[in-house]
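Beneath this line is the structure, given in structure tokens, with notes to follow.
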Amino acid sequence: MGAYKVLIYAAAEETAGRLAALAAPLAEGSIVYLKAGSAFPEQEAAAVKAAAEAAGAAVLIAPASKKGNEVMARAAQLIDTGCVTEALSLAAQDGKLTAKRAIYGGIAVGNFAFETETAVLTVALSALAGVETAGAYEAAASPAAAPPPAKELVKTEPLAKTVDLTKAKRIVSFGRGVAKKEDISAVEALAAKLGAEIGCSRPIAEELKWLPQEHQVGITGALVKPDLYIALGISGAIQHFAGMKDSKIIVAVNNNKKAPIFQFADYGIVGDLYEVLPALEEAIGG
Ligand SMILES: Cc1cc2nc3c(=O)[nH]c(=O)nc-3n(C[C@H](O)[C@H](O)[C@H](O)COP(=O)(O)OP(=O)(O)OC[C@H]3O[C@@H](n4cnc5c(N)ncnc54)[C@H](O)[C@@H]3O)c2cc1C
């Protein structure tokens, strides 16, 4: 180990210190820190590339924030090299830099080896949380002036969000078992009685477009952890499971007793949701 020159890209010095501590066993000599700026990701990526070239860095790391992921992916593209996002750990094995990251929606961990000269990574925020900061880095030389922006920022306004499922205590979620868009009203009625938010599987949001994307639960949607998750007519595909597996109590209603969702439901009702829904509503009462 210890054969790589490392460049850290982060906004906060504390984060840079944690990344430096993580990268220290791999680093040869000094670790260079480029403070993240507020330019467009394209420009930030160009700055990362320039700073890495100036420092002769072969390992470029950043925290896996939204911005970190975007800037580093773009930097990797500019450098024409590989990028591992959300890395859980880094190591050097057989002369190659390797990084572990969650795969298959979080049910397994993959070990990736870089075949390229330069490795670009973002480190999962969970992997940084417990790391003691180390100030063993020096500031990168100011990169050459960023290229002029390809676009102009005219106005910023927050995206209108209808729901934040990640904070919901109760979620009533439905999938393709709901046959018609009008039938969502029955799901809404149950959710209203329970004071729950409405979630859905990907086909409902992405293919049928019955609900906006922020209602989608799963690896490509919201990762939720409510006290109660009711899944109506959802098969329980791995990509959906990955998004709701941390729910405290999972109740599944499905007319196929072999549906995968029953493997991880705390309570399962095998039956037609069109019969079970009114019965549930009645049982809950006013
Ligand atoms: C890269 C990738 C990312 C993905 N990301 C996500 C994601 O983030 N979230 C997600 O949800 N999916 C995701 N998917 C899709 C996922 O693989 C499944 O296709 C999807 O979850 C299935 O949705 P579903 O359960 O609603 O539909 P189906 O698989 O069609 O299941 C419908 C279920 O309803 C039951 N049913 C039918 N009629 C009734 C009835 N009357 N009463 C009771 N039950 C009934 C059926 O038995 C069946 O189990 C992803 C896929 C890929 C490839």
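General observations
Condition check ((1) of a type in the set (Gly, Ala, Ser); (2) assigned to a strand (DSSP E or B); (3) within 21 Å of residue 5 (Cβ to Cβ)) across all residues:
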site	(1), (2), (3)
70	no, no, no
75	yes, no, yes
86	no, yes, no
90	no, yes, yes
99	yes, yes, yes
102	yes, yes, no
111	no, yes, no
121	no, yes, yes
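- Candidate set from region 246-274 (those that are surrounded by fewer than 14 Cβ atoms within 10 Å (Cβ to Cβ) and outside any loop (DSSP other than H, G, I, E, B)); member that is nearest to the ligand (Cβ to nearest atom): 263
- Scoring residue 237 on the criteria (1) of a type in the set (A, V, I, L, M, F, W, C); (2) without any contact (Cβ under 8 Å) to a residue 60 or more places away in the chain; (3) more than 13 Å from the ligand (Cβ to nearest atom) leaves a single failure, condition (3).
- Within region 38-68, the residues that satisfy the criterion of being outside any helix (DSSP H, G or I), open to solvent by 30 Å² or more (accessible area, probe 1.4 Å) and not hydrophobic (A, V, I, L, M, F, W, C) are 38, 56, 65.
- Residues of region 277-286 classified as assigned to a helix (DSSP H, G or I) and either at pLDDT 95 or above or within 14 Å of residue 194 (Cβ to Cβ) (or both), total: 6
- Of all residues in region 204-234 being more than 12 Å from the ligand (Cβ to nearest atom) and open to solvent by 80 Å² or more (accessible area, probe 1.4 Å), the one that is nearest to residue 171 (Cα to Cα): 225
- Evaluated against (1) in contact (Cβ under 8 Å) with a residue 24 or more places away in the chain; (2) more than 15 Å from residue 171 (Cβ to Cβ), residue 272 falls short on exactly one condition, (1).
- Residue list for region 219-235, restricted to those being farther than 17 Å from residue 179 by Cα and at pLDDT 90 or above: 224, 225, 226, 227, 228, 229, 230
The values are calculated or read from the model by the stated rules, or taken from the named source; none is laboratory data. Treat the numbers as computed from the prediction; the structure is a model and nothing was measured. Please note: Cβ atoms are built from the backbone with ideal geometry, for glycine as well, and neighbour counts cover all protein chains shown. Just so you know, the surface numbers come from the protein's heavy atoms only, side chains and all, with ligands and any DNA or RNA stripped out. Shrake-Rupley method; radii C 1.70, N 1.55, O 1.52, S 1.80 Å.
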